[in-house]
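Let me begin by presenting the structure, written as structure tokens, before commenting on it.
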Amino acid sequence: MRRTVDRTAGKVMSMREAVAAFVHDGDTVSLEGFTHLIPTAAGHEIIRQGRRDLTVVRMTADIVVDQMLAAGCVARLVSSFVGNSSAGSLGELRRRVERADPEPLVFEEYSHYGMVCRYLAGAQRLPFYPLRSYAGSDLPAVNPGIRKVTSPYPAADGSTEQIYVVPPVQPDVTIIHAQRADHRGNTQIWGLTGVQAEAVYAAEKAVVVVEELVADAVIRADPNRTLVPAHAVDAVVVCPRGAHPSFAQGYYDRDNAFYRAWSAISKDPERLRGWLEEWVYGTVDHAEYAAKLGEEFWAGLAVGEALSEPVNYGRRL
């Protein structure tokens, strides 16, 4: 059962402190963010701290998962997509799955909607979640976690219906990246969203990594943008540029050049490990990683203003 979080306490920690406190060897760790706001810096800190035997749950397993695999952190991957975000392959992941090189990877595959349903079941503490979209799919044949049950209700024609179900996922910790939060953990996201809220509610503990910490008044001025409320958050980590090479809407753009380069880097195990030595193990934290890239680099990913119009929430006179 999820432990109670103090809604009034400040929860701000460094990334090092948060990973040390909430990510342990053998844990199930959800890292969510769909194309946008990928928690890369958190993945790098997990690598730096040498975590092992993790089950990583990520709908779109991409570069950060490839890096964590190469660092020896991951024993099992639960996902609905693997790839370098339309820019190529994930070399380390392919070696593990195709040749068990340097060791096998347990890979549990679902569809995107199947993963959404798993998070919904976990968040609602349900034993399973029904869905129709596996009809005609080969996935049930390779994943014994996808099963059929008899519906307790008759179909429209009165017949008995068999329907696919997926089990809940309840991570030990979920880590997400977001644009901003207050010190209590009220977290706001805009632009592309995925299953961040569901993944947080499904987990025993939750760490939110943000571009900036803002005053309570900022959150209260635009409450509908609060995707994850404070009562679901255990720690807030302030880590500017922590989603690189993905993007944070309104803060910096996607580093497409890095995505294109990663296929060649990850294809060569020696080159991949050299990259980890230089950019992850060779940097004390993400601030040093970002500084190493240089301000000229970040200027190339700068974004201009595209302000949302204010709305009138109204108040009693």
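Distance from the alpha carbon centroid of the range 15-58 to that of the range 125-175 works out to 28 angstrom.
Kindly report the accessible area of the chain per residue (heavy atoms of protein chains, probe 1.4 Å, no ligands, DNA or RNA), in Å². Spell out each step's value before the answer.
Numbers: 14970 Å² over 317 residues.
Each residue of the chain exposes 47 Å² on average to a 1.4 Å probe.
Rg and Dmax, both from the Cα atoms of the chain and both in Å, are 20.3, 69. Taking one quarter of the surface of the convex hull spanned by the alpha-carbon atoms of the range 1-157 gives a direction-averaged projected area of 12.5 nm². Taking ALA135, ALA306, ALA71 as the candidate residues, the one with maximal mean-square fluctuation in a Gaussian network model of the chain, Cα springs under 10 Å, is ALA306. Which residue fluctuates the most in the chain, going by a Gaussian network model with Cα springs under 10 Å, if the choices are HIS286, HIS231, HIS36? It is HIS231.
As an equivalent ellipsoid, the range 162-252 spans semi-axes of 24, 15, 13 angstrom, where each value is the square root of five times an eigenvalue of the C-alpha gyration tensor, largest first.
Run through the range 203-272 and list the trypsin sites (Lys or Arg not before Pro) located in a DSSP loop whose Cβ has at most 12 other Cβ atoms within 10 Å.
Working: sites: LYS205, ARG220, ARG225, ARG241, ARG254, ARG260, LYS267, ARG271; in loops: ARG241, ARG254.
Passing sites in the range 203-272 do not exist.
Label-to-label distance, ARG315 versus GLU204, with points set 7 angstrom from Cα along the beta-carbon direction: 4.2 nm.
Mean projected area of the Cα convex hull of the range 64-136, taken over all directions, amounts to 6.3 nm².
Antiparallel as a % of all DSSP beta bridges within the chain, to the nearest 5? List each step's numbers first, then the result.
Details: 12 of 44 bridges.
Counting DSSP beta bridges with both partners in the chain, the antiparallel share is about 25 percent.
Comparing mean-square fluctuations of GLN67, GLN170, GLN249 from a GNM of the chain with C-alpha springs under 10 Å, the top value falls on GLN249. Spin-label pair PHE107-ALA257: with each label point 7 Å from Cα along the Cα-Cβ axis, the two points sit 3.1 nm from one another. Is any helix in the chain, taking whole DSSP H runs, at least 15 angstrom long along its axis by alpha carbon and on average at least -1.0 on the Kyte-Doolittle scale, and which ones? Membrane-span-like by this rule: 112-123, 256-267. Each of ALA202, ALA248, TRP298 was placed along the dipole of the chain (beta-carbon charges, centred on the mean Cα), and the one lying farthest toward the positive end is ALA202. Between VAL303 and TYR153, full extension at 0.36 nm per residue minus the direct alpha carbon distance yields a gain of 48.8 nm.
Here the extension length gained between SER133 and ARG76 equals 18.1 nm, from 0.36 nm per residue of separation less the Cα-Cα distance. Each helix, a run of at least 4 DSSP H residues, gives -39500 (n - 2.57); summed and divided by the residues of the chain, these come to -8000 deg cm²/dmol at 222 nm. A Förster radius of 35 Å, combined with the Cβ-Cβ distance separating GLU212 from ALA20, puts the computed FRET efficiency at roughly 0.95.
The values are calculated or read from the model by the stated rules, or taken from the named source; none is laboratory data. In this text, all values refer to a predicted model and were calculated from it rather than measured experimentally. Neighbour counts are summed over all protein chains in view; Cβ atoms, including those assigned to glycine, are modelled from backbone coordinates with ideal geometry. Areas reflect the complete protein model, heavy atoms only, side chains present, ligands, DNA and RNA absent. Shrake-Rupley method; radii C 1.70, N 1.55, O 1.52, S 1.80 Å.
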